[in-house]
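Down below is the structure, laid out as structure tokens.
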Amino acid sequence: MSEQSKGGRIRGNGRRRKEPAKGRRAVTVAAWSAAALVVVGGSGLGYVYFKLDGNLKSVDINAQLGTDRPKNVDNGSLDILVLGSDSRSGDNGAYGKDEGGARSDTAMVVHVYEGHKKAAVVSIPRDTLVDRPACTDERGDAVPADKRAMFNTAYEVGGPACAVKTVESISGIRMDHYIEVDFSGFTKLIDKLGGVEITTAEAIKDSKSHLDLAPGTHTLDGEQSLGLVRTRKSVGDGSDLGRIQLQQAFMKAFIDQVKDVGVFTNPKKLLDIADTATKAITPDSELDSVNELMGFAQGLAGLGAEDVHMVTMPVRYDPADPNRVIPLEAQSRQVWQALKGDRPIPASATKGAATGQADGVVSGPATASE
């Protein structure tokens, strides 16, 4: 059974620390889409800059964080923190009750290697217990440090800058950019792009994410795509780790399909996608114009799913609370040091880590088993 829909997502990146080229006629709106989230791809468009620029709302991460950050290593690579927020305010109210401040429902560190021919994505489980550093929120108020805090509370108590500072504290890597993805914007972009085709190896029925899929191939619309990347209890061991595995599988399917949506031969569709994409994200202040996003996205335009290595930060379940996970220090250090040195993540880094047991439940149509 196949369901008609539409698919797409946010956008990607370009050059590390160089100013993007100005005056180009093509505006590239990249989508590093990750299930309720994030990540990769490019499209183009060169008119109505003013309209698209007006859609962009940014956050000045650098000003809030100051100089107390990891060293800015200029080796030609690029590191981006992509967050999917679970705020239930505004249009996002349809996805559940707002029980407090927004939290980072999904967090991924995207590392683009020198030359921008390969990338690695490291998902950070939202339930990871970390030592959250002190930071400053968007109002300029001090937020105290906290021991054994859930990772996703960093965004809740201090906004984007505190989320970035927490990731930098965990990884020792300075984030070059920040991109936040909005629930409602994500669904609209998937619809504009025409849907994402995936194959399920088993039935997925989840009352909380409102997803009901039989085994087989489906073209997911925006609502279904969001449901898939938020599904948790009904797959694998029911943990956030299983949900991350669904997200990563969805991202791979999206990356392969976004290149085939025909936007280059359909100017109106391209404008619609660019308009929707620029409304769907909140970037950092260095990516708050169409020209800047264009250069950023063009650097990722050649990446396919086979060029992106996706892992989850190595963790184990917390003996004191099975609903939480804690980092495996030695293996996590291997992951972050590999990225810091612009090297591939070794397979040994993820051996012995908890997985969520949902690997293979979802795949792209090209890799699905018959």
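Results, tabulated for the structure shown:
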{"quantity": "Label-point separation in nm, Glu306 to Arg343, each point 7 Å along Cα→Cβ", "calculated": "2.6 nm"}
{"quantity": "Burial ranking of peptide ranges 192-204, 239-251 (average Cβ count within 10 Å, highest at the top)", "calculated": "239-251, 192-204"}
{"quantity": "Sequence-distant residues sharing a close amide H with Leu211 (under 5 Å, placed H)", "calculated": "Asp206"}
{"quantity": "Those GluC sites (Glu not before Pro) in the range 109-193 that DSSP places in a loop and that have at most 12 other beta carbons within 10 Å", "calculated": "Glu114"}
{"quantity": "Simple spin-label estimate for Asp288 and Ser207 in nanometres, 7 Å along Cα-Cβ", "calculated": "4.4 nm"}
{"quantity": "Karplus (6.51, -1.76, 1.60) ³J(HN,Hα), θ = phi - 60°, over the range 286-295, in Hz, Gly and Pro reported as x", "calculated": "7, 10, 9, 9, 4, 4, 5, 5, 4, x"}
{"quantity": "Point-to-point label distance, Asp146-Asp131, nm (Cα→Cβ direction, 7 Å offset)", "calculated": "1.7 nm"}
{"quantity": "Tensor-based shape of the range 208-342 (alpha-carbon gyration tensor, a/c under 1.5 rounded, otherwise prolate or oblate)", "calculated": "oblate"}
{"quantity": "Selected from Ala203, Leu226, Leu213, residue furthest toward positive end of dipole (the range 185-229; charges at beta carbon)", "calculated": "Leu226"}
{"quantity": "Accessible surface, the range 269-343, averaged per residue in Å² (probe 1.4 Å)", "calculated": "38 Å²"}
{"quantity": "Pairwise FRET efficiency - Lys268 versus Asp359, Cβ, R0 = 30 Å, nearest 0.05", "calculated": "0.15"}
{"quantity": "Environment charge at Asn55 (Cβ cut-off 10 Å; Lys +1, Arg +1, Asp -1, Glu -1)", "calculated": "+1"}
{"quantity": "Length gained when the stretch Asn72-Glu138 is fully extended (0.36 nm per residue, less Cα-Cα span)", "calculated": "21.5 nm"}
{"quantity": "Thr106 long-range amide H proximity, modeled H, under 5 Å", "calculated": "Gly84"}
{"quantity": "For peptides 213-220, 183-190, 316-323, 61-68, sequence by mean Cβ density within 10 Å, most packed first", "calculated": "183-190, 213-220, 61-68, 316-323"}
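The values are calculated or read from the model by the stated rules, or taken from the named source; none is laboratory data. All of these numbers come straight from a predicted model, not from anything done at the bench. Every residue, glycine as well, gets a Cβ built from its backbone with ideal geometry; the counts of neighbours run over all protein chains shown. Calculation scope for accessible area: heavy atoms of the full protein, side chains included, ligands and nucleic acids excluded. Shrake-Rupley method; radii C 1.70, N 1.55, O 1.52, S 1.80 Å.
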